[in-house]
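The values are calculated or read from the model by the stated rules, or taken from the named source; none is laboratory data. All values reported here derive from a predicted model rather than from experimental measurement. Glycine gets a Cβ as well: all are built from the backbone with ideal geometry, and neighbour counts include every protein chain shown.
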Amino acid sequence: MKVAKFLVIVLAALLAVAGGTARSASREIYPDPSQAQADVAVALKTAAATHRRVLLDFGGNWCPDCQALDIYFHDARNLSLLDANFVLVHVNIGRMDRNLDIAKRYGVPLNKGVPALAVLSGTGRLLYSQKGGEFEAMRQMQSTTVTGFLVQWKPVKPAHSGPCSAVMVNC
């Protein structure tokens, strides 16, 4: 009887995981590929005005590792870090045949796998791009991997001593 109960619990857990995976795979994260150029332009303006960086996420809705990355972006440990420091742009690469020019411009070799990320300054200067498919196996990684990435690439806030003044802009 204990074995049967154990098997029922294991089966229920497997179904819950499978159901969660199926739901996440059907999420529409990446907008129509034709939006990418405009989305990047808007993100650069927003990032410059808010002293944040632009985080380009190259991938597709068909990609389970891209889905996992988006779940980790919105994990409680990462969402506030993401929102405070980055303007996130999902760049839809279609079936590896769309927005290749944007990936090339920012040094992201899509043939190494997706999701692939690039970090830009508010002025559009490339600060970092994943060149070796670092997140292509995101389903086997933990949310803390994304946390580490966000912490590493968040903008450094200028240090100042003392209270804010009319002269200090970044208080």
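Highlighted here are the helices (runs of 4 or more DSSP H) found entirely within region 15-127 that include at least 3 residues which are at pLDDT 95 or above and among the small types (Gly, Ala, Ser): 36-50. Is it true that VAL108 is of a type outside the set (S, T, N, Q), in contact with a helix residue (DSSP H, G or I) (Cβ under 9 Å, 6 or more places away or on another chain), surrounded by 15 or more Cβ atoms within 10 Å (Cβ to Cβ) and under 19 Å from ASP32 (Cα atoms)? Criteria not met by VAL108. For region 161-168, indicate whether the set of residues that are modelled with pLDDT under 95 and polar (S, T, N, Q) is non-empty. Yes, that holds for at least one residue.
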